[in-house]
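See below for the structure under consideration.
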Amino acid sequence: MSFGLFHTRLNVSNGLLGAPILTLDLLVNTVQKKVTGRASIIQATHPVQVFQAKVWGGYSELPFAPAGSPSIVLHLDGSPSGPLSQIAQTFHLQGLLDQGWNAGTASYRYFINGHWVDQHGRVRKAPDITHQDQPQPAERLKAAIRHLESV
């Protein structure tokens, strides 16, 4: 693992049709082993639910984990307005991830409509967000190279 900051997007789902899907958009500080970001939960079936929270927490590494097994222990808390707010926490997550932050398992709970909802699922790397009306980075780089070649 490199030292510094990196961004990752993860999905947590139990794989059942219509079940809630958690998307974590995280900034990981590998020096301080701290994590901040946003959690979004969407359940498209009845009852339709949309939940969002700012999240924060940390992680630790399991130094003696067998090769190929989960070796990152992630814990996150969250609320609608961040860690310094007086608003009560509405989100908690505990997860086990592989060294590359690409896969694993997680249990989480969130407070919506006056009650807590508990979920457990598999963690997978989330697809990157693309904007259909804007050129992608590779296309922008090619255009910049063409422009420099014509100068």
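Being in contact (Cβ under 8 Å) with a residue 24 or more places away in the chain and on the phi < 0 side of the Ramachandran plot is the requirement here; does residue 39 meet it?
Spelling it out, residue 39 is indeed in contact (Cβ under 8 Å) with a residue 24 or more places away in the chain and on the phi < 0 side of the Ramachandran plot.
So which residues in segment 90-120 are surrounded by 15 or more Cβ atoms within 10 Å (Cβ to Cβ) and assigned to a loop (DSSP other than H, G, I, E, B), if there are any at all?
Correct list: 90, 98, 99, 101.
Return a yes/no flag: does segment 128-149 have any residue that is exposed (fewer than 10 other Cβ atoms within 10 Å of the Cβ), modelled with pLDDT of 80 or more and part of a loop (DSSP other than H, G, I, E, B).
Looking through segment 128-149, none of the residues is exposed (fewer than 10 other Cβ atoms within 10 Å of the Cβ), modelled with pLDDT of 80 or more and part of a loop (DSSP other than H, G, I, E, B).
Would you mind finding the one in 23, 8, 45, 36 that is farther than 20 Å from residue 90 by Cα, touching a strand residue (DSSP E or B) at 6+ places or on another chain (Cβ under 8 Å) and either of a type in the set (Ser, Thr, Tyr) or assigned to a strand (DSSP E or B) (or both)? Show your work before the answer.
Details: 23 fails: farther than 20 Å from residue 90 by Cα; 45 fails: touching a strand residue (DSSP E or B) at 6+ places or on another chain (Cβ under 8 Å); 36 fails: farther than 20 Å from residue 90 by Cα.
Testing whether each residue is farther than 20 Å from residue 90 by Cα, touching a strand residue (DSSP E or B) at 6+ places or on another chain (Cβ under 8 Å) and either of a type in the set (Ser, Thr, Tyr) or assigned to a strand (DSSP E or B) (or both) leaves just 8.
Check whether at least one residue in segment 46-66 is closer than 16 Å to residue 105 by Cβ and buried (at least 17 other Cβ atoms within 10 Å of the Cβ), and report yes or no.
yes
The values are calculated or read from the model by the stated rules, or taken from the named source; none is laboratory data. Values in this document were obtained by computation on a predicted structure and should not be read as measured data. Positions of Cβ are generated from backbone atoms using ideal geometry, with glycine treated the same way; all protein chains shown enter the neighbour counts.
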